[in-house]
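Peer 1: Take this structure, written in structure tokens, and hold onto it; I'll ask about it next.
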Amino acid sequence: MSRIRFIVNPKSGINRNPGRIVRWIEEICSKNRIDFEVLYTGKPGDATNMAREAVEENFDIVAVVGGDGTVNEAGRGLLGSEVAMAVIPSGSGNGFARNFKIPLDQYKSIQTLVDPKIISIDAGKINNHHFFNVAGFGLDAQISMNFEEFGMRGPLPYFLVGTRSFLNFQPTPVKLILEENTVEFSPLVVTIANAPEYGNGAIIAPNAQPDDGLLDVTIIDHMPIWKAVPNLYRLFNGTIDQIEGFHTFRVKSVIIEREASAPIHTDGNPHQDSARLKIETVPLSLRVVTGSNGMHSEPDVLP
């Protein structure tokens, strides 16, 4: 029988009703005689600390009730351990849940814990920041920073922030130092993808596989808005790699040099970071409770 710690971010997403989710947790866990406890985050870093304590206290699963930012925090606390991470998606984008076919219906996602299917995935690392979906810089990092400051959540505010950020964005040269050569771009977006999707159905790296020991570095050249808008649909149908000015490199590690310190994001969390970025994969370092068809690899099952 699983022993589960639920970590609830009461401020995540646009429908902030954690009480209803907790009632579902109590119903499903009690009915199935699952040993569980519920903790609430109150400030940044709480989810990481709660996850690390769960490892020390021999829990089987940490279930995150929150969005990709809370998932990232908890995942960092579980890296390299035998404790698996589950997700009850309640964010605005829910990229992690979408990438691993975890039901977006919260009741159904809680039900996956009755008979959990567990896989191992890679993590990515950019300087001192770990990520599990995507990291990057350029326009998407600027959007993440502006969205964080905007306050409101949801697709419409994100669209408004994104449009304003695009119009104000000024590209700067970057250098990718690969094993075999060095390449230079003045990009609109540089994304380091462990999994295909940002969130909200936006697929930036269609061929990324989160268990292959590699990261997909995808670059989109800067383009005017009149050229970008007609190609926006490709971000949502998995064909973004077919636009002119799309480049991709599959790497275990890479050094990226920028002109100056600038924002990056890791799973949508913005940070100011140095001009030089060291990027690497951390293979099969996180165990994840996935949806029934979450990945191609054979899942483990808890006894």
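Peer 1: Residues to consider are Ile279, Ile240, Ile264, Ile255; find the one that is among the aliphatic types (A, V, I, L, M) and either at pLDDT below 90 or touching a His at 6+ places or on another chain (Cβ under 9 Å) (or both).
Peer 2: Exactly one of Ile279, Ile240, Ile264, Ile255 is among the aliphatic types (A, V, I, L, M) and either at pLDDT below 90 or touching a His at 6+ places or on another chain (Cβ under 9 Å) (or both), namely Ile264.
Peer 1: Hey, among Arg164, Arg98, which residue is at pLDDT 75 or above, not in a strand (DSSP E or B) and not assigned by TED's automatic domain parsing to the domain that holds Ala262?
Peer 2: Values: Arg164 fails: not assigned by TED's automatic domain parsing to the domain that holds Ala262.
Sole residue among the options that is at pLDDT 75 or above, not in a strand (DSSP E or B) and not assigned by TED's automatic domain parsing to the domain that holds Ala262: Arg98.
Peer 1: Test each condition in (1) assigned to a loop (DSSP other than H, G, I, E, B); (2) touching a Leu at 6+ places or on another chain (Cβ under 9 Å) for Leu104 and report the one that comes out false.
Peer 2: All conditions pass for Leu104, except number (2).
Peer 1: Under 17 Å from Ile21 (Cβ atoms), among the polar types (S, T, N, Q), free of Cβ contacts under 8 Å to residues at least 60 places away in the same chain and part of a loop (DSSP other than H, G, I, E, B) - does that describe any residue in region 49-60?
Peer 2: The answer is no; no qualifying residue exists.
Peer 1: Are there any pairs, at least 6 apart or on different chains, whose C-beta atoms fall under 6 Å, with the first in region 211-233 and of a type outside the set (A, V, I, L, M, F, W, C) and the second surrounded by fewer than 20 Cβ atoms within 10 Å (Cβ to Cβ) and outside any loop (DSSP other than H, G, I, E, B), and if so, which?
Peer 2: Every condition considered, the pairs that remain are Gly213/Pro283; Asp216/Thr248; Asp216/Arg250; Thr218/Thr248; His222/Leu188.
Peer 1: So if I check each of Ile203, Ile220, Ile225, which one is buried (at least 17 other Cβ atoms within 10 Å of the Cβ), over 20 Å from Val71 (Cα atoms) and either among the hydrophobic types (A, V, I, L, M, F, W, C) or in contact with a Pro (Cβ under 6 Å, 6 or more places away or on another chain) (or both)?
Peer 2: Ile220
Peer 1: List, please: which pairs have Cβ atoms under 7 Å, are six or more places apart or on different chains, and start with a residue in region 176-202 that is in a strand (DSSP E or B) and end with one that is buried (at least 23 other Cβ atoms within 10 Å of the Cβ) and hydroxyl-bearing (Ser, Thr, Tyr)?
Peer 2: Cβ pairs passing all conditions: Thr191/Thr218; Ala193/Thr218.
Peer 1: Just one of Val62, Val55, Val71 is modelled with pLDDT of 95 or more and under 11 Å from the mean Cα position of the chain (by Cα); which is it?
Peer 2: On the way: Val62 fails: under 11 Å from the mean Cα position of the chain (by Cα); Val55 fails: under 11 Å from the mean Cα position of the chain (by Cα).
Every option except Val71 fails the conditions.
Peer 1: Within region 83-105, count every residue that is surrounded by fewer than 21 Cβ atoms within 10 Å (Cβ to Cβ) and out of contact with any strand residue (DSSP E or B) (no Cβ under 7 Å at 6 or more places or on another chain).
Peer 2: 2
Peer 1: Only one of Asn127, Asn146 is modelled with pLDDT of 95 or more, among the polar types (S, T, N, Q) and either surrounded by fewer than 20 Cβ atoms within 10 Å (Cβ to Cβ) or in the same structural domain as Asp60 (by TED's automatic domain parsing) (or both); which?
Peer 2: Result: Asn127 is the single residue among Asn127, Asn146 that is modelled with pLDDT of 95 or more, among the polar types (S, T, N, Q) and either surrounded by fewer than 20 Cβ atoms within 10 Å (Cβ to Cβ) or in the same structural domain as Asp60 (by TED's automatic domain parsing) (or both).
Peer 1: Just one of the numbered conditions (1) of a type outside the set (S, T, N, Q); (2) surrounded by 15 or more Cβ atoms within 10 Å (Cβ to Cβ); (3) more than 17 Å from Ile143 (Cβ to Cβ); (4) touching a strand residue (DSSP E or B) at 6+ places or on another chain (Cβ under 6 Å) is not true of Gly291; which one?
Peer 2: Unmet for Gly291, out of (1) of a type outside the set (S, T, N, Q); (2) surrounded by 15 or more Cβ atoms within 10 Å (Cβ to Cβ); (3) more than 17 Å from Ile143 (Cβ to Cβ); (4) touching a strand residue (DSSP E or B) at 6+ places or on another chain (Cβ under 6 Å): (4).
Peer 1: Also, quick follow-up: Mind checking which residues of region 29-48 are surrounded by fewer than 17 Cβ atoms within 10 Å (Cβ to Cβ) and not in a strand (DSSP E or B)?
Peer 2: Hits for region 29-48 are Ser30, Lys31, Asn32, Arg33, Gly42, Lys43, Pro44, Gly45.
Peer 1: Another one. So which of Gln170, Gln242, Gln209 ends up being of a type in the set (S, T, N, Q) and either buried (at least 17 other Cβ atoms within 10 Å of the Cβ) or under 16 Å from Phe131 (Cβ atoms) (or both)?
Peer 2: That would be Gln209, the only listed residue that is of a type in the set (S, T, N, Q) and either buried (at least 17 other Cβ atoms within 10 Å of the Cβ) or under 16 Å from Phe131 (Cβ atoms) (or both).
The values are calculated or read from the model by the stated rules, or taken from the named source; none is laboratory data. Note that the structure is predicted; figures quoted are calculated from it, not measured. Neighbour counts run over all protein chains shown; Cβ positions are idealised from the backbone, glycine included.
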